[in-house]
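Here's the structure we're looking at; comments come further down.
The values are calculated or read from the model by the stated rules, or taken from the named source; none is laboratory data. Because the structure is predicted, anything quoted here is derived from the model rather than measured. Neighbour counts are summed over all protein chains in view; Cβ atoms, including those assigned to glycine, are modelled from backbone coordinates with ideal geometry. Surface accessibility is based on the protein's heavy atoms, side chains included, excluding ligands, DNA and RNA. Shrake-Rupley method; radii C 1.70, N 1.55, O 1.52, S 1.80 Å.
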Amino acid sequence: MGSSSLTTASGGLDAERLDALVDALAAARARGEQLVLVSSGAIAAGLAPLGLAARPEDLAHQQAAASVGQGLLIARYTASFARYGIRVGQVLLTNDDMAQDDRYGNARRTLDALLALGVLPVVNENDTTATDEIRFGDNDRLAALVAGLVRADRLVLLSDVDGVYDADPRLPGSRRIPEVRTGRELDGLDLSFPGSGLGSGGMATKVAAARTATGAGITVRLTAASRVADALAGRPCGTLFHAAAVERGAGAGDPAAGAGGRVTGAEFLAVVADVTGRSGLSLADAFHDIGGTSLQAMRICARLRRRTGVPLLPQALFESATLGEFLGGLFGREFGGGESGGGVHGEIGDEFGGEHTAEYRGADDGAHEGGHDGAHEGGHDGANGLGRGRPYEVLPEGELRGRTPAPDSTAGLCGGVRRAA
Ligand SMILES: Nc1ncnc2c1ncn2[C@@H]1O[C@H](COP(=O)(O)OP(=O)(O)O)[C@@H](O)[C@H]1O
Ligand SMILES: N[C@@H](CCC(=O)OP(=O)(O)O)C(=O)O
């Protein structure tokens, strides 16, 4: 939820609009959805109480405003959700929480625990301590990363405009783009028209966030805050960004992919060796034990995705007991054993438009390699089964053989519960 949709024109929280958002979220909860709300508004909410006429330019005053405003924001959400008997929990994150593995795992466990307890987490950036260098800045990116963190089925981005437009949305004749299937569809589009001035990101950051999330297999609906009920109910509105398609076997992969979009165990090990600088690796090694970092995990996944077309979760490298187990997850149940592997098969569907064969993976392939965004962008292990390494036995000769998952091996997967961020 963007700042522009939560505040009045003169600054200060718009209680009516906040209540309307809460009404829609409560209705979705009543339908059985698990929800995480990522909400901006701390700085905007702090302006009026501090007598500031506009969003301050300098960081210190933004932080001061956020310090005052975040308390007001969470108090307002707490009161509003209490109308439905829903308890909220405040979660303030920094970039480091997303970039460092131990902190990432910690944040995930906290959110999982809150959800398991029936609490609705309300997430924002920890604005008062984040510096310019490490800030998420806009909450669209934070929302995409949180969607990956909680392994959401879908992400709804809310703003003051009903989707991406082909021209300045304030001008008559500009048209909403209802659906985006590939990143290329938005090439050349102007996303820089001025917004409300209350938010920080504008449309460009929302589209970037949509790319991050769809690259991780999460469907994104970008719409106006006033359409939140429609968006959560799966009714057409705004702009729908289809989740990245999963590779459908040889020939359907990235045109630039080698070996028909497949990767063998040896090739996979070569990528890991190249990225980590470690030699003599085997599929029985654990990524964590060889000293792998989240940045390296991100690079490995970006390379594998370019080759196979499969969006992968960097954290799955850490969560898999061995590199072989990770590779087994990559190839899913089609992995036939042996290092040459089989094709990657799978389908991603979503409740908005059924199943899709669209490819969106080109959107940010490689774009984030070496940057932060890709590090933890993944997070959809429920629908496509690719998020975590599936349990596979590693035979002495380095072959993989599938085995029946232990009863608890799906713990933490989304299962039948839908999650939206
Ligand atoms: N191509 C575009 N399509 C739709 N909106 C656009 C486009 N380019 C720029 N915008 C602007 O982006 C604004 C939304 O971003 P922002 O003001 O940061 O809001 P929020 O607080 O919701 O993040 C809209 O008000 C709109 O004017
Ligand atoms: N985290 C801060 C700033 C985030 C922000 O403005 O984001 P957005 O409204 O998405 O452009 C806040 O709550 O005010």
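Brief remarks follow.
- Note that region 181-188 has calculated 3J(HN,Hα) couplings of 9, 9, x, 5, 4, 9, 4, x Hz, one per residue in order, obtained from phi through the Karplus relation 6.51 cos²θ - 1.76 cosθ + 1.60 (θ = phi - 60°); glycine and proline are x.
- The alpha-carbon positions of region 122-182 define a convex hull whose volume is 152 Å³ per residue.
- Peptides 110-117, 263-270, 24-31, ordered by how many other C-beta atoms sit within 10 Å of their residues on average, highest first, read 263-270, 24-31, 110-117.
- Overall, the accessible surface of region 153-227 at a probe of 1.4 angstrom is composed of carbon and sulfur to the extent of 51 percent.
- For N126, the residues whose modelled amide H falls within less than 5 Å of its own, excluding neighbours fewer than 5 places apart on the same chain, are L93, T94.
- Table column - 3J(HN,Hα) (Hz), region 212-222, Karplus curve with 6.51, -1.76, 1.60, x for Gly and Pro: 4, 5, 5, x, 9, x, 9, 6, 10, 10, 9
- Probing with 1.4 Å while keeping every protein chain in the model, the per residue accessible area of region 124-191 equals 42 Å².
- Segment D289-A79, extension gain: residue separation times 0.36 nm, minus the distance between their alpha carbons: 71.0 nm
- For region 40-85, the solvent-accessible area with a 1.4 angstrom probe is 45 square angstrom per residue.
- Taking N as its residue count, the alpha carbon Rg of region 1-130 over 2.2 N^0.38 Å: 1.08
- Close amide H pairs (under 5 Å, H built 1.01 Å from N) link Q90 with V122, residues at least 5 positions away or on another chain.
- The fraction of accessible area contributed by carbon and sulfur in region 1-98 is 53 percent, rounded to a whole number (1.4 Å probe; ligands and nucleic acids excluded).
- Computed extension gain for D166 through S226, at 0.36 nm per residue and net of the alpha carbon distance, reaches 19.5 nm.
- Additional length obtainable on full extension of the chain from L59 to R184, 0.36 nm per residue less Cα span: 41.5 nm
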